[in-house]
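One structure below.
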Amino acid sequence: MSSQPNAQRQVYLDHSATTPVRPEVLAAMLPYFAGKFGNASSVHRWGYAAREAINDAREKVASLIEASPNEIIFTSGGTEADNLAIRGIAHARKSKGNHLITSQIEHHAVLHTFEALQKEGFEVTFVPCDKYGLIDPDDVRRAIRKDTILVSIMHGQNEVGTVEPIKQIGEIAREHGVLFHTDAVQSAGKIPIDVKDMNVDLLTLSSHKIYGPKGVGALYVRRGVRLTPQVTGGAHERMRRAGTENVPGIIGFGEASRLAKAELPEEAERLSKLRDKLIEGLLREIPDVALNGHPVLRLPHNVNVSVKYLEGESILLNLDRMGVAASSGSACTSGSLEPSHVLLAMGLSHETAHGSLRFSLGMSNTEEDVDYVLEILPPIVGKLRAMSPLGPGSGL
Amino acid sequence: MYNEKVMDHFFNPRNVGELENPDGVGQVGNPVCGDMMRITLRIKDNRIEDIKFRTFGCGAAIATSSMVTELVKGLTLEEALEVSNKQVAESLGGLPPQKLHCSNLAAEAVHAAIQDYYKKQGIDIEIKTEEHEHQEHGH
């Protein structure tokens, strides 16, 4: 990327993409790279030290979602955890049925896994959402058949921030004897999660979204639920995920989980206020801007708007030059010719979806950051709209 | 992602706007696909005397639009028709591979504007269109 001659401030507003490792987390990890480098399976003091530290981290991660430590399987990240949950249950319960349910607005880690299972011969129902990105539990109820073996519906939507009615969906799945998985990568540490209260059988977590390191995640599997391992080659993680544990990563994830849980109530309130200030400011300062996602049932850190008559990448490049990091659901940023499948499922036109902007707030952000965005974005939009052949004044 | 020259044309685009009473107007792309360009031409003695563009699209779409206006200004219509999308990308020092397919339509917009001018003169010309995924994509 080119230099940023005009950047006065650095404002990172892409915390849903990834977060920095917190200093406390890094400090907790550092001893486990060189000094305490043991393999947790080894029968000697180096091994014991690693094992003990992993056990401690497992308790902290479990505590974040009110689970028991032995219900946590560490993985290489959220994507692997989603794969393990969905393929692992589909393969383990194949003799019980051939039908799976998910939604149209899942993360690709879930969506593409279900598409792969379709190619294996499974039948998959993709339930829709409403214009706010909200899934109707009754749609899930109606989709359940005698041969349904798994429902997977995400908790907090990663693009538009809508919080799905997981507890009700879990209740419906349980009534019908169907297992229920939820991807909680965006919601964990941001809003309270209690897997027992929410009727969840499997739940996906990721470390690097909560100020832990990249390359580590976890799958919660309720006690008694059997799944087929997807990575084989050892007895690690109670025979469910082979491979020498990423000890420093797991330690970091544990510490990040502990801090997230301790700070959650206060941080959720603080971020919600910043979020609402940013949303209100964008709608007030820029004409033809619409909020994407639910106005109330929304993750505390998510802001997503469509800026009409513009394409997202052109705005991101201008924001980056001014020191602001954000993301977009336009085709250019999705890596395909289609804009975000989530925005399209919500009924947005292609044109409006191309103009979407996501700002995801985090620990480092302040009111001054929000003020800065509200100061620099209107002139960027004005300049780009003057260049656009669409919209009022274009003569079309 | 983009090189300095692309960024320069994106942040400081040349010849933005719309000519009044243009001799030729060309519009290619579609907002549905995320890219749309509109070129207006002033033609004098078979040469492009003035040119302006308006573009809805990503960084590459805007940079290629700006670049093509510089490339064809002053050229004869025959010369301008020879300028290709590929040449525009090369003049910018290259584009990321994924952008060559979807956001590199600027030369076509110029060709369409020239075609429009000829049409107004009562001349029908065949415009070669370059192959790219954008057209095959079709919404």
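The values are calculated or read from the model by the stated rules, or taken from the named source; none is laboratory data. As the structure is a prediction and not an experimental result, all values here were calculated from the model. Using ideal geometry, Cβ is built from the backbone for each residue, glycine included, and neighbour counts are taken over all protein chains shown. SASA here: full protein model, heavy atoms, side chains in, ligands and nucleic acids out. Shrake-Rupley method; radii C 1.70, N 1.55, O 1.52, S 1.80 Å.
Total residues in segment A:310-323 satisfying the condition of being closer than 16 Å to B:S65 by Cβ and either touching an Asp or Glu at 6+ places or on another chain (Cβ under 7 Å) or more than 9 Å from chain B (Cβ to nearest Cβ) (or both): the figure is 0.
With the condition kept exactly as written, say whether any residue in segment A:309-320 is under 20 Å from the mean Cα position of the chain (by Cα) and surrounded by fewer than 23 Cβ atoms within 10 Å (Cβ to Cβ). Within segment A:309-320, none of the residues are under 20 Å from the mean Cα position of the chain (by Cα) and surrounded by fewer than 23 Cβ atoms within 10 Å (Cβ to Cβ).
Here segment B:25-81 is the region considered, the condition is being under 20 Å from B:L95 (Cβ atoms) and among the acidic types (D, E), and the residue that is modelled with the highest pLDDT is B:E70. With respect to the stated conditions, A:D147 fails to be within 20 Å of A:H294 (Cα to Cα), assigned by TED's automatic domain parsing to the domain that holds A:A57 and open to solvent by 10 Å² or more (accessible area, probe 1.4 Å).
Suppose we filter A:S272, A:S306 for residues that are among the hydroxyl-bearing types (S, T, Y), crowded, with 20+ Cβ neighbours inside 10 Å and in contact (Cβ under 8 Å) with a residue 24 or more places away in the chain; which single one remains?
Criteria check complete, one pass: A:S306.
Could you tell me which residue of segment B:3-14 is most open to solvent (accessible area, probe 1.4 Å), considering only residues that are more than 10 Å from chain A (Cβ to nearest Cβ) and within 24 Å of A:S356 (Cα to Cα)? Checking each candidate, the answer is B:N12. When only residues in segment B:27-49 that are part of a loop (DSSP other than H, G, I, E, B) and touching a residue at least 24 places away in the same chain (Cβ under 8 Å) count, which is nearest to the other protein chains (Cβ to nearest Cβ)? This residue is B:G34. Among the residues of segment A:89-115, the ones that are assigned to a helix (DSSP H, G or I) and among the β-branched types (V, I, T) come to 3 in all. Scanning segment B:15-26 turns up at least one residue that is more than 28 Å from A:P339 (Cα to Cα), open to solvent by 10 Å² or more (accessible area, probe 1.4 Å), within 11 Å of another protein chain (Cβ to nearest Cβ) and part of a strand (DSSP E or B).
Checking each residue in segment A:39-68 for being in contact (Cβ under 8 Å) with a residue 40 or more places away in the chain and either more than 18 Å from A:A262 (Cα to Cα) or among the polar types (S, T, N, Q) (or both) picks out A:N39, A:A40, A:S41, A:A50, A:A53, A:I54, A:S63, A:S68.
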